[in-house]
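Worksheet: the structure to be examined is printed underneath.
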Amino acid sequence: MLSILGNTSRFCDGVSRRGFLKIGGLSFGGAGFSLADLYRAEAAAGKSSSHKAVINIFLAGGPPHQDMWEIKTDAPSEIRGEFRPIRTNVSGIEICEVFPKIAGMMDKAAVIRSVVGCHGGHDGFQCMTGWLPNDLKSVGGRPAIGSATSKLFGPVDPSVPPYVGLAEPTRHVPWSDAGSPGFLGSAHAPFKPDGPGMQNMTLNGITLDRLSDRRQLLGQLDQMRREIDITGAMSGMDAFGQRALDVLTSSKLVDALDLSQEDPHLVERYGDGKPYKYQYDGAPTCNEQLLIARRLIEAGVRVVSLSYGRWDSHGQNFDMVRDHGGKLDQCLSALIEDLEQRGMLDDVTIVVWGEFGRTPKINPKAGRDHWTKVSCALLAGGGIRGGQAIGATNRLGEEAVQRPVHMQEIAATLYHNLGIDTAAVTLPDPTGRPQFLVDHPPIAELI
C-alpha cells in the first residue's frame, strides 16, 4: 500500500485523514482501476486559476417546501404546521424561523417556491442532471452537470479533478449518488474521496520516476487494444488513469481535503452538524463538507456535489426541520459569507434542493409524505440577482400558482453561470447524435 503521510484529523463519518491519504481510499465514480491503468498516465502539473464553479447541495429525501421558504400562515392547522415566518433583510420576503442567518443575507440569495417537473423517485438524478433517469438510458443515460462541465472545459489544474462528489455513503444508496457521467463515460465520472469498493493501488516497489518508462512499454502493448476498441472504453480508461496519477503526484487535492490547514475559527463558524439525528438510511448533516467544497474549488474543482441530511419526513417532520434546518442555516450562511469575503461569490453558484416536496396535509405521525406537484430551491452566488422570492404556491401549498420553475430551468441556470450557452452547446452521444444539455432555458429572473 502506498501512503502519503499526513495528520490524523477525521472526516465527519469518523474516517481518519491518514486513512484517506492511503491511495486505496481514492476512487472515480466507485469504479476501480489497476496498476497497469496507472502506468499509462504521466504526471502533470499546473496552476489553479480563477474559474466559475458550482456547489450542488442535495437535500436527499424531499425537503418540505411549506416548512422552509414559504410558510403557510393562512392554511388550516392540519396543513399549516408549527413554524412561523421571520423577516429577511429584503423587504417583503419572509422565510421559516429556523433560518435566521440566511434571513440576514437574503439579498445575496434567491428562493424558488414553485419548482415543478419532479418525477418522484427517491434519488438525486434530476438534481444532478436536470433529466429523468430513463432519458437516453439505452446509450448510457444523461450526464450529470459536473460530468458535462468536465467534458466541455476539462480540468483547471491537471492534478485536480474537475468534478468531485463528497456524498457520504448511505444505506439507501441513491441518496449518496454523487452523479453519473452517463453517455460521456468513466473519464468524466465524479472523483470520490474515500470511495467504497476501491482496490488498493500498489506500486510494488516501482518508484514514480519509473512510471514514464513503464508507460511507454505498456503503451505499445495497448496500441492494438485501442485500435480495435469500438466502444471508446479504452480512451476513457486512459483519461481515467491519467487523472489518477496526476492526483497521486500532487498534494493539491489532499491539502484541500485537510481541514487542519484551515483557520480553526472558520471551521467553528461552519460547525460540524453533530449530533447526527434523523439520519436513518440517509446522509449525515455534515457541515464540514460545505467548507471542504469551498477549499476544493479554490484548488481547481469546477463542480462539487454533496448530500446533506435525510429529509424524508414521514414522521416527526417539524423536529427534523428544526434539527436539519438549523444546522443547514449555520453552514450555508457560513459558506456564502466565506465566499464573499474571499471574492469568490460571483464565480461560485450554490444550489440547495431536493427530489420533490411534501404533502400539504400533516399525517398522524406529525409527518408529511411525498408530494411531486411542487418543490423548492435556494440559489446564491454565481452573479445571480439575489434578494428574490420567485413563484408561489396556493394557500394550501398544493401546487404552483405563480411562475412555475421547472427543475431543468435550475440546471440551465447552473450551466449558464458556468459560462455554458445551453441554447447552443451540444454533446455527441455514442451514436454521434448531438444532445442538448437541457430542454429549458435558464431562469430569466436570476441572470
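Evaluate the relative contact order of the range 103-153 (contact order divided by residue number), counting alpha-carbon pairs under 8 angstrom at least 6 apart; express in whole percent. 21 percent.
So how do 297-304, 437-444 stack up, highest first, on mean other-Cβ count within 10 Å? Can you show the working numbers first?
On the way: 297-304: 25.4, 437-444: 19.0.
Per-residue mean Cβ counts within 10 Å order the peptides as 297-304, 437-444.
Averaging 1/r across all pairs of distinct Cα atoms in the range 377-447 and inverting the result yields a Kirkwood radius of 13.7 Å. Which shape class applies to the range 42-149: rounded if a/c is under 1.5, otherwise prolate when a/b exceeds b/c and oblate if not, where a ≥ b ≥ c are the square roots of the Cα gyration tensor eigenvalues? Taking the square roots of the gyration eigenvalues as a ≥ b ≥ c, the range 42-149 is oblate.
If R0 is 45 Å, what FRET efficiency do you get for Arg403 and Thr431 from their C-beta distance, rounded to 0.05? Mind dumping the intermediate values first?
Details: r = 37 Å, r/R0 = 0.82.
Plugging the Cβ-Cβ distance into 1/(1 + (r/R0)^6) gives 0.75.
Going by the alpha-carbon gyration tensor, a ≥ b ≥ c the square roots of its eigenvalues, is the range 129-169 rounded (a/c under 1.5) or, if a/c is not under 1.5, prolate (a/b greater than b/c) versus oblate? Oblate, since a/c reaches 1.5 and b/c is not below a/b. Centre-to-centre, using Cα atoms only, the range 353-411 and the range 49-100 are separated by 9 Å. Proximity of backbone amide H atoms, modeled 1.01 Å from N, is registered between His406 and Val116 at under 5 Å, excluding neighbours fewer than 5 places apart on the same chain.
What number comes out for the charge environment of Ala60, summing +1 per Lys or Arg and -1 per Asp or Glu over other residues with Cβ under 12 Å away? Spell out each step's value before the answer.
On the way: positive: Arg171, Arg310; negative: Asp123, Glu168, Asp177, Asp281, Asp312, Glu355.
Residues close to Ala60 contribute a combined charge of -4.
Report the Rg/Rh value for the range 70-118, based on alpha-carbon coordinates and the Kirkwood definition of Rh.
On the way: Rg = 12.0 Å, Rh = 11.9 Å.
Rg/Rh for the range 70-118 comes to 1.01.
Counting charges near Gly397 (Lys, Arg +1; Asp, Glu -1) among other residues having Cβ under 14 Å from its Cβ returns a value of +1.
Semi-axes of the equivalent ellipsoid of the range 357-398 are 28, 12, 8 Å, computed as sqrt(5λ) over the eigenvalues of the C-alpha gyration tensor in descending order.
Determine, for each peptide in 163-172, 60-69, 80-89, 370-379, the mean count of other beta carbons within 10 angstrom over its residues, then list the peptides with the highest first. Intermediate values should be presented prior to the final figure.
Numbers: 163-172: 21.7, 60-69: 27.7, 80-89: 16.9, 370-379: 23.2.
Sorting 163-172, 60-69, 80-89, 370-379 by mean packing, highest first, produces 60-69, 370-379, 163-172, 80-89.
If you take the square roots of the eigenvalues of the alpha-carbon gyration tensor of the range 256-394 and sort them as a ≥ b ≥ c, do you get rounded (a/c under 1.5), prolate (a/b over b/c) or oblate? Oblate, since a/c reaches 1.5 and b/c is not below a/b. Highest mean packing first, where packing is the average number of other Cβ atoms within 10 Å per residue, the peptides 361-368, 173-180 line up as 173-180, 361-368. Among the listed pairs Lys72/Lys137; Lys277/Lys361; Lys192/Lys277; Lys101/Lys277, those whose Cα-Cα separation exceeds 29 Å are Lys72/Lys137. Summing charges over all other residues whose Cβ lies under 14 Å from the Cβ of Asn317, with Lys and Arg as +1 and Asp and Glu as -1, gives +2.
Throughout, read-outs are computed from the coordinates displayed, never taken from laboratory work. Just so you know, these numbers come straight off a predicted model, no measurement behind them. Note: ideal-geometry Cβ built from the backbone for every residue, glycine included; neighbour counts use all protein chains shown.
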